[in-house]
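Please read the structure below before turning to the comments.
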Amino acid sequence: MDARVSNLLAGTACYLLASLLWGLNIPLTASLLTAFDPLWLSSCRYLIASGVLGAWVLATLGAGALRSPIPLARVALLSLAIAAFLTSFNIGLMLTHPVTAAAVIAGSPVYVAVVSRAMTGARLAPGFVGATLLTLVGAGIAIAGRADPHGPSLSGGEPLLVASIGFWTVFSILSQRWFAPEVPQLRRTFLTSLCAIPWLLAIWALARALGWVGAPHLAPEGRDLVYLLVTAVLCTALAVVAWNVGVARLGIAAGGLWQNAVPVFAVLISLVVFGVVPTGAQVAGGAVVMAGVAWMQWHTLRASRAPAGAVA
C-alpha cells in the first residue's frame, strides 16, 4: 500500500477513535461535575492517565522510554499548554451559555487554521475550505435546533473557549516538532501528560487558596469512580495517543474538522447509553458535520493518489 494512503487510513482511524472517546467524555464529565469541581477533576484524570500511560510505555517500550529524549524545559512547556487548555476550557464552559459555547467551539477549524498558519506557514489542506463551510453549517443547524427560547447570550467565557482551542493546537504542533520523528506518540503522550500534573495541581491549589473551589473530593464511590476511570483511561490516555498519531499522519488542519465531530458523537452516545433523545435538527446538523469531514478526507485521498507535482 502506498505510504500516503496508509497514512490517510491510519490517521483517519485515529482521529475517529479520539473523536468517539471525547464524545463519550462529554456526558461522563457532565455527570462527574456534580461531584467534582472541574479543576480537581482534571488533576485526578491526569494522575490516573499518566499511571496508565507509564505502565503502557514500560511494557511496550522499556524503562529507558520513561526518560525524556528532549530537554525537560520543552516538556514543561508542552505540559503547560495542556494545563492551559484544560483550565481555560473548563472555566470557559462554566461561564458560557451552553448554546453559545457550542457555537464558539464550532469554529474550531478556523481557529486551528489560524494558529497553524502562524506557527508553520502551512498551506490549507485539500478541500479544507469546503469542509469548513460544511462543518460550520452543520454545527449551526444543530445549535439552532437546541436553542432555548431566550437564545444564547455572551457572558465572558467565549474568549477562554477560543483560547483553549489555540492552546491545544499549539501543543499538537509542538509535540510533533520538538520530538524526533522516531519517538513513538505513546512516549510523547506519557511525558507531556505526566508533566502536566504539577501545573494542574498548582492551578487547583491557587483556586483553592482564593476560595474559588472547595475541598478536594478524595473518595468517589460507585458510578463516579467508574466514570472517573473511564474518562482517565480511555478519554484521556488512549484518546490523546490516538489524537497525536492523527496529527502526525494527517496534520492539525484535519484534526480541527474532527473536533467538530465530537459533539455529534456525544449526542449519539448520550442516546444509546443514557437514553437522551436528540432533536431532528441535532441529527441533521451532525450529518452535515460528518459530510464536511468526509469531504476533506475524499480530497486528501485524491491528492495522495495524484502523481507527484499534479494538482488534485
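Of note:
- Residues in the stretch 62-72 that are open to solvent by less than 70 Å² (accessible area, probe 1.4 Å) and either part of a helix (DSSP H, G or I) or free of Cβ contacts under 8 Å to residues at least 24 places away in the same chain (or both): 62, 63, 64, 65, 66.
- Residue check, residue 21 open to solvent by 60 Å² or more (accessible area, probe 1.4 Å) and assigned to a helix (DSSP H, G or I): no
- Test: residue in the stretch 43-55 that is basic (Lys, Arg) and outside any helix (DSSP H, G or I): no
- Within the set 76, 10, 59, the sole residue that is of a type in the set (A, V, I, L, M, F, W, C), surrounded by fewer than 18 Cβ atoms within 10 Å (Cβ to Cβ) and over 18 Å from residue 194 (Cβ atoms) turns out to be 10.
- Where a residue in the stretch 187-204 is charged (D, E, K, R) and its partner, wherever it lies, is open to solvent by 40 Å² or more (accessible area, probe 1.4 Å) and part of a helix (DSSP H, G or I), with Cβ under 8 Å and at least six apart: 187/61
- The stretch 24-46, subset modelled with pLDDT of 90 or more and either aromatic (Phe, Trp, Tyr) or within 12 Å of residue 240 (Cα to Cα) (or both), residue surrounded by the most Cβ atoms within 10 Å (Cβ to Cβ): 46
- Helices (runs of 4 or more DSSP H) fully within the stretch 114-219 counting 2 or more residues that are at pLDDT 90 or above and surrounded by fewer than 18 Cβ atoms within 10 Å (Cβ to Cβ): 158-178, 185-209
- Only one of the numbered conditions (1) closer than 22 Å to residue 174 by Cβ; (2) touching a Gly at 6+ places or on another chain (Cβ under 7 Å); (3) modelled with pLDDT under 90; (4) of a type outside the set (Gly, Ala, Ser) is not met by residue 95, and that is (1).
- Any hit, the stretch 90-99, residues being farther than 28 Å from residue 223 by Cα and open to solvent by 10 Å² or more (accessible area, probe 1.4 Å): no
- Conditions (1) open to solvent by less than 20 Å² (accessible area, probe 1.4 Å); (2) on the phi > 0 side of the Ramachandran plot: number failed by residue 49: (2)
The values are calculated or read from the model by the stated rules, or taken from the named source; none is laboratory data. Quick caveat: nothing in here was measured; it's all calculated off a predicted structure. For neighbour counting, all protein chains shown are included, and Cβ atoms are generated from backbone atoms with ideal geometry for every residue, glycine included. Each accessible area value is taken on the protein alone, full model and side chains, heavy atoms only, with ligands, DNA and RNA left out. Shrake-Rupley method; radii C 1.70, N 1.55, O 1.52, S 1.80 Å.
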